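All of the numbers you see were taken from the coordinates with simple rules; none came from a lab. All values derive from a computational prediction rather than experimental measurement. Every residue, glycine among them, receives a Cβ derived from its backbone with ideal geometry; neighbour counts consider all protein chains shown.
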Ligand code: 2HA
Ligand code: ZN
């Protein structure tokens, strides 16, 4: 079959375009990584070229040793990923210790994986452990409502989660654990990678203050849908607040109603964020 025809490639390319069209990926903003299944590898491996040089990760991820990831290119534009996937995307493999990676396909023309690769690999390792291997996609996007809201709300997970849950009934269904919020940090560095990894123990969507969102999902639809839900809720909250002269929205979903929604769907909301 080959990489260009494989389902995983088609899903990731589609996600790049969808995110661009929603205004989440100006210029080279945002990045995606996907932990491939055995089935994906079987579909792609006829195109793999091994023997490239190994690059050490800041922090090893032993649980992910030997696994393959499809990643977006550093400096690549989501907008045009569909035009030349072999240059916009790459497949890397980790060594058995999970401490180094090498390119086995793509990033043609001498590209490198996303600048957030260390953050992605640490996030994959953490969610692999927490979600028993069920989550495969890590997605980072510069969503405008989320970034705007981070100029108004304190960088506090409880404050954010309550604002997002209270203005859209099904927010709590999409993210019953709530959202984590990381205060301002330098993008792509080891600090944001570690702080995000630590938060991913209890949530799977993290707000990067004045920057964007970083989220984990089972597949492209799941990760994209989670980001979309957080972004929509942030938009409702912002619009309501602006329409109310900058004050908090008035008629919102109460804690009791949030509990009722969770009971209906058999979900356990994060009690730390309810009164
Ligand atoms: O383009 O968005 O956070 C890369 C980024 C870094
Ligand atoms: Zn970014």
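Cut-off 10 angstrom, C-alpha nodes, Gaussian network model of the chain. Which of 226, 152, 164 fluctuates the most?
Highest fluctuation of the listed residues: 152.
Quick one, what does Rg over Rh come out to for the stretch 69-219 if you take C-alpha atoms and the Kirkwood Rh?
0.99
Taking Cα pairs under 8 Å and at least six residues apart, what relative contact order does the chain come out at, in percent?
Across the chain, relative contact order equals 18 percent.
Note the full-extension length gain between residue 102 and residue 263 as 0.36 nm times their separation in residues minus their Cα-Cα distance, in nm to one decimal.
Going from the current span to full extension adds 53.3 nm.
Can you tell me the orientation of helix 255-265 relative to the chain, as the angle in degrees between its alpha-carbon axis and the longest Cα principal axis, to the nearest 10?
Approximately 50 degrees, to the nearest ten.
Is it possible to state the helix-based mean residue ellipticity at 222 nm for the chain, with each DSSP H run of 4+ residues giving -39500 (n - 2.57), the sum divided by total residues, to the nearest 500 deg cm²/dmol? What is it?
-11500 deg cm²/dmol
Wrap a convex hull around the Cα atoms of the stretch 1-71, take a quarter of its surface area, and give that in square nanometres.
Orientation-averaged projected area of the Cα hull: 6.2 nm².
Angle, helix 7-21 long axis vs. longest principal axis of the chain, Cα atoms, 0 to 90°, nearest 10?
It is inclined by approximately 50 degrees.
Throw me the Rg/Rh for the stretch 1-149, computed over C-alpha atoms with Kirkwood Rh, two decimals.
0.95
Which residue fluctuates the most in the chain, going by a Gaussian network model with Cα springs under 10 Å, if the choices are 231, 96, 38?
Highest fluctuation of the listed residues: 38.
Fewest Cβ neighbours within 10 Å first, please rank 186, 173 accordingly.
186, 173
Just want the ordering: 73, 259, from fewest to most Cβ atoms lying within 10 Å of their own Cβ.
Neighbour counts put them in this order, fewest first: 259, 73.
Kirkwood Rh, the stretch 156-275, all Cα pairs: how many Å?
14.9
For the stretch 93-159, what does the alpha-carbon gyration tensor say about shape, rounded, prolate or oblate, given a ≥ b ≥ c as the root eigenvalues, a/c under 1.5 as rounded, and a/b over b/c as prolate?
Taking the square roots of the gyration eigenvalues as a ≥ b ≥ c, the stretch 93-159 is oblate.
With a 10 Å radius around each residue's Cβ, average the other Cβ atoms per peptide and rank 57-67, 117-127, highest first.
Order by mean packing, descending: 117-127, 57-67.
In which sequence would 232, 112, 247 go, from the one with the fewest C-beta neighbours within 10 Å to the one with the most?
If I rank by nearby Cβ atoms, fewest first, I get 247, 112, 232.
Gain in length, residue 22 to residue 134, computed as 0.36 nm per residue apart minus the alpha-carbon separation, to one decimal in nm?
Contour length minus the Cα-Cα distance gives 37.6 nm.
Could you give the alpha-carbon Rg of the chain over 2.2 N^0.38 Å, rounded to two decimals?
Against the empirical 2.2 N^0.38 Å value, I get 1.01 for the chain.
Is the stretch 138-177 best put as rounded, prolate or oblate by its Cα gyration tensor, with a ≥ b ≥ c the root eigenvalues, rounded for a/c under 1.5, and otherwise prolate when a/b is larger than b/c, oblate when not?
In terms of gyration-tensor shape, oblate.
Alpha carbon centre of the stretch 235-275 versus the stretch 204-231: separation in Å?
Their Cα centres are 19 Å away from one another.
Rounded to the nearest 0.05, what FRET efficiency do residue 184 and residue 5 give with R0 = 35 Å and r taken as the Cβ-Cβ distance? Could you check?
Efficiency, rounded to the nearest 0.05: 0.25.
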